[in-house]
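The values are calculated or read from the model by the stated rules, or taken from the named source; none is laboratory data. Not measured: the values here are computed from a predicted model. Because the Cβ atoms are built from the backbone with ideal geometry, glycine has one as well, and the counts that use them run over all protein chains shown.
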Amino acid sequence: MPTTPRIAIVGAGPGGLVCARILQQHGLPVTVFEREAGPDSRSQGGTLDIHQDTGQVALRAAGLFDQFLALSRPDGQEWRLYDRHATLIRHDQAGEDDLSRPEIDRGRLRTLLLDSLAPGTVRWNHSVQAAGPLPDGNARLHHHDRAVEDFDLVIGADGAWSRVRPALSDAHPSYAGVTMVEAHFDDVDHRHPGIAHLVGGGTMSAKAGCRSLVLQRNSNGHVRAYVTFRGPQDWHAGLDLDDTEAVRARLLALYRGWDESLLDILRDNEGGFLNRPMFVLPVPHRWQRVPGITLLGDAAHLMPPAGIGANLALLDGADLAHAVIGHPTIDQALDAYESVMLPRALDNARTAQQMLTTLMPDTDTDSEAAVFPDPLWPAGGLPQAAPAHTG
């Protein structure tokens, strides 16, 4: 480019950070704005399987693939599927040299990316309120402290509830009709041997109709559980979600009739439960080009969790950085990037939605469900997902 562009990335998630890393590798300065107070201000979530054809491509482009492999857990690719009686239906294990989808804790991946950036790249505790285009083709960031800054390019990498997205699109995330309730287990091999047996070295899922119980092994003997079911967003109506025993009782009623070893997932967790309703963006989600502003990751294509979201965010970040590096103007770079990213996102969003419908059908198809009438929803089956918008 004839002059060095001023580039802002909103959000210090994997996609935004890998984009910043590649830009800096090629001599382009960038500032990342993050509302969190610091890198250790909150837990970064569970484990990610980084795919060979998406996330790993981005990490190779960032020159971080070897460090990623050193931190990853190839044995975490193991997967077990049970029915509601705890009968093992399927058991997949990766080969000794299989690196197609090794697991890594989200926090470790984020630290790897943060450590690869120039000091001071991330401006912590800087919450962005909005972004908007300027008449000269640049973009303006509005901060929560009412300060404004102008850039040649603003990249919204700020997730599901993006503050940058409204500059491009009037789409809003809608409830997908499915909720995940998260629970935790520590030192699982010693303190929770039954849970350790169920999960093995990777991930397990027990499924019946529109309900499932999922366990994922993280590093250092930590396991996260996801109690997943189709139902209304206010499934917890009348409950105090901070009342762990009341939430436990509600969930045990919902999974009544499941094998006792599976119900231990609901009985024996350490700490409370975290309610995580699932939100999605319309499919397709597109926008008309806006000079100086674009999106990546969940800000662009929030979809059901089908193991691809973080991988797409990483690939988006790498593709966008390379587009900026390889084109003479920001407009040309964004045309090149969005012409690839948007169709790819559409294909993956459709696949993820199909997977969600298959795994969490609109009605409880488990033939044994009628034996255990559900006290939480009225007769006639569970509510359907919120209708998808078109645009």
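Quick rundown of the values:
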{"item": "The one condition in (1) buried (at least 17 other Cβ atoms within 10 Å of the Cβ); (2) in contact (Cβ under 8 Å) with a residue 60 or more places away in the chain; (3) closer than 23 Å to G221 by Cα; (4) not polar (S, T, N, Q) that L254 fails to fulfil", "result": "(3)"}
{"item": "Residue count, the stretch 329-345 (criterion: in a helix (DSSP H, G or I), touching a residue at least 40 places away in the same chain (Cβ under 8 Å) and surrounded by fewer than 16 Cβ atoms within 10 Å (Cβ to Cβ))", "result": "2"}
{"item": "The stretch 172-217, subset part of a loop (DSSP other than H, G, I, E, B) and out of contact with any Lys or Arg (no Cβ under 7 Å at 6 or more places or on another chain), residue modelled with the lowest pLDDT", "result": "G209"}
{"item": "Single residue of L88, L141, L113, L81 found to be touching a Ser or Thr at 6+ places or on another chain (Cβ under 7 Å) and modelled with pLDDT of 95 or more", "result": "L81"}
{"item": "Among the candidates Q44, Q24, residue that is assigned by TED's automatic domain parsing to the domain that holds Y337, part of a loop (DSSP other than H, G, I, E, B) and surrounded by fewer than 19 Cβ atoms within 10 Å (Cβ to Cβ)", "result": "Q44"}
{"item": "Condition check for R90: within 30 Å of S212 (Cβ to Cβ) and in contact with a helix residue (DSSP H, G or I) (Cβ under 8 Å, 6 or more places away or on another chain)", "result": "no"}
{"item": "Test: residue in the stretch 27-40 that is in a loop (DSSP other than H, G, I, E, B), within 21 Å of the chain's Cα centre (by Cα), surrounded by 16 or more Cβ atoms within 10 Å (Cβ to Cβ) and basic (K, R)", "result": "yes"}
{"item": "Members of the stretch 218-250 that are touching a residue at least 60 places away in the same chain (Cβ under 8 Å) and assigned to a helix (DSSP H, G or I)", "result": "V247, R250"}
{"item": "Criterion (under 16 Å from the mean Cα position of the chain (by Cα) and not hydrophobic (A, V, I, L, M, F, W, C)) met by exactly one of G297, G257, G238", "result": "G297"}
{"item": "Residue list for the stretch 251-301, filter: part of a helix (DSSP H, G or I) and hydroxyl-bearing (S, T, Y)", "result": "S261"}
{"item": "Condition met for A58 (touching a residue at least 60 places away in the same chain (Cβ under 8 Å), within 21 Å of A20 (Cα to Cα) and either in a helix (DSSP H, G or I) or acidic (D, E) (or both))", "result": "yes"}
{"item": "Hey, L99 farther than 29 Å from V290 by Cβ, part of a loop (DSSP other than H, G, I, E, B) and aliphatic (A, V, I, L, M) or not", "result": "yes"}
{"item": "Single residue of the stretch 127-177 satisfying the filter (surrounded by fewer than 23 Cβ atoms within 10 Å (Cβ to Cβ) and of a type in the set (V, I, T)) that is farthest from Y337 (Cα to Cα)", "result": "V148"}
{"item": "Matching residues in the stretch 116-131 - criterion: being free of Cβ contacts under 8 Å to residues at least 40 places away in the same chain and out of contact with any His (no Cβ under 7 Å at 6 or more places or on another chain)", "result": "P119, G120"}
{"item": "Cβ-Cβ under 7 Å pairs, at least 6 apart or on other chains, the stretch 291-307 side within 18 Å of A321 (Cα to Cα), far side surrounded by fewer than 24 Cβ atoms within 10 Å (Cβ to Cβ) and at pLDDT below 95", "result": "P291/G137; G292/G137; D298/G309"}
{"item": "I104 being without any contact (Cβ under 8 Å) to a residue 24 or more places away in the chain and either touching a helix residue (DSSP H, G or I) at 6+ places or on another chain (Cβ under 6 Å) or not in a loop (DSSP other than H, G, I, E, B) (or both)", "result": "no"}
{"item": "Residue list for the stretch 2-30, filter: under 21 Å from A62 (Cα atoms) and out of contact with any Gly (no Cβ under 9 Å at 6 or more places or on another chain)", "result": "P5, R6, I7, A8, A12, L23, Q24, H26, G27, L28, P29, V30"}
{"item": "Residues of the stretch 304-318 satisfying the condition of being in a loop (DSSP other than H, G, I, E, B) and either modelled with pLDDT of 95 or more or not hydrophobic (A, V, I, L, M, F, W, C) (or both)", "result": "P304, P305, G307"}
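Condition check ((1) of a type in the set (S, T, N, Q); (2) within 29 Å of D298 (Cβ to Cβ)) across all residues:
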site: D186; (1), (2): no, yes
site: H192; (1), (2): no, no
site: N220; (1), (2): yes, yes
site: R224; (1), (2): no, yes
site: Q233; (1), (2): yes, yes
site: L251; (1), (2): no, yes
site: W258; (1), (2): no, no
